[in-house]
Amino acid sequence: MTAVSNEALAELIEPGAVVLIGEVHGTCEFPQLVGRLVELAADRGVPVLVGLEMPISEQPIDGFLAGEGGPGDVEALTASSFWHRPPEFDDGRAGAGPIDLFTTARRAASGGTVRVFAFDLPGGVVGTIATPEVAAMLNTPRDQFMAETAVAAIEDWSARQGPGIAVLLAGSLHSRIVRYPEIDEPHLGELL
C-alpha cells in the first residue's frame, strides 16, 4: 500500500466523493492507506467521513476520537467482545490496523473535520434476547444493512458539514460493484 503515492490519493479528494476501499481483513496496510487519505483531505480543509465494516455497537469510536489517546482510551475502545473474540471467530477486523487508523483520524481531526463511524450489523452477546429493533436489523441482509447505514451517515454528514469526502473501508467481497453470479444478495458496493 505504500506504493500508492500521495498524488494518486489526492486525486480522490473531491468534495462529494464516496471512496469505497476493499480490504483483506487483518492487515495494517489498508487502514494505513485510509489514514493517509484522511490526513491529506484534512490538510486540504475537506471534511472527511470514514466508515468501517465494524458493528454499529462499536460506535464508542467517538469517545476514543475525543480522548487524548492514552492507554485508558484504548482500553475503553477495545472493551467490547468484538475486540476479544475467540480465535475461531476472529476475522481480523479488530486488530492493530483500525486502532492505528483511529489514532490517525484523531490527529487529523485537530486540524480539520473528521468523523469515523461503524456501519455493520450490531454485535450480539450470546444468550441475550434482541430488542424488536435489533431483531429487525438482524433480519436485513448484511450488505443491504451496511449500504443503508452508510448512505444515512453520508447524507447526515453532508447536511451538517457541507460537501466532504466519505471513505468506506470494507472487506473486498462487500466492496464489489459487480455481483458474483453465485451470490444471491447484492454487495455493498453494488448497492451504493
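The values are calculated or read from the model by the stated rules, or taken from the named source; none is laboratory data. The model shown is predicted, which means the values in this text are computed figures rather than measured ones. Every residue, glycine among them, receives a Cβ derived from its backbone with ideal geometry; neighbour counts consider all protein chains shown. What goes into the accessible areas is simple: the full protein's heavy atoms, side chains included, and nothing from ligands, DNA or RNA. Shrake-Rupley method; radii C 1.70, N 1.55, O 1.52, S 1.80 Å.
What the table below lists for this structure:
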{"quantity": "Candidates Ala150, Ala166, filtered to the one that is under 25 Å from Leu9 (Cβ atoms), outside any helix (DSSP H, G or I) and at pLDDT 90 or above", "calculated": "Ala166"}
{"quantity": "Output for region 37-53, where each listed residue is surrounded by fewer than 16 Cβ atoms within 10 Å (Cβ to Cβ) and under 22 Å from Phe119 (Cβ atoms)", "calculated": "none"}
{"quantity": "Tally of residues being under 20 Å from Pro98 (Cβ atoms) and either aliphatic (A, V, I, L, M) or surrounded by 14 or more Cβ atoms within 10 Å (Cβ to Cβ) (or both) across region 1-11", "calculated": "3"}
{"quantity": "Region 70-80, subset surrounded by 15 or more Cβ atoms within 10 Å (Cβ to Cβ) and touching a residue at least 12 places away in the same chain (Cβ under 8 Å), residue farthest from Ala109 (Cα to Cα)", "calculated": "Ser80"}
{"quantity": "Single condition Ile61 does not satisfy, out of (1) modelled with pLDDT under 85; (2) within 23 Å of Gln144 (Cα to Cα); (3) open to solvent by 10 Å² or more (accessible area, probe 1.4 Å); (4) among the hydrophobic types (A, V, I, L, M, F, W, C)", "calculated": "(3)"}
{"quantity": "Scope region 100-117; condition farther than 23 Å from Gly162 by Cβ and surrounded by fewer than 18 Cβ atoms within 10 Å (Cβ to Cβ); matching residues", "calculated": "Asp100, Thr103"}
{"quantity": "Residue identified as of a type in the set (Val, Ile, Thr), in contact with a Leu (Cβ under 9 Å, 6 or more places away or on another chain) and open to solvent by 30 Å² or more (accessible area, probe 1.4 Å) among Ile183, Ile165", "calculated": "Ile183"}
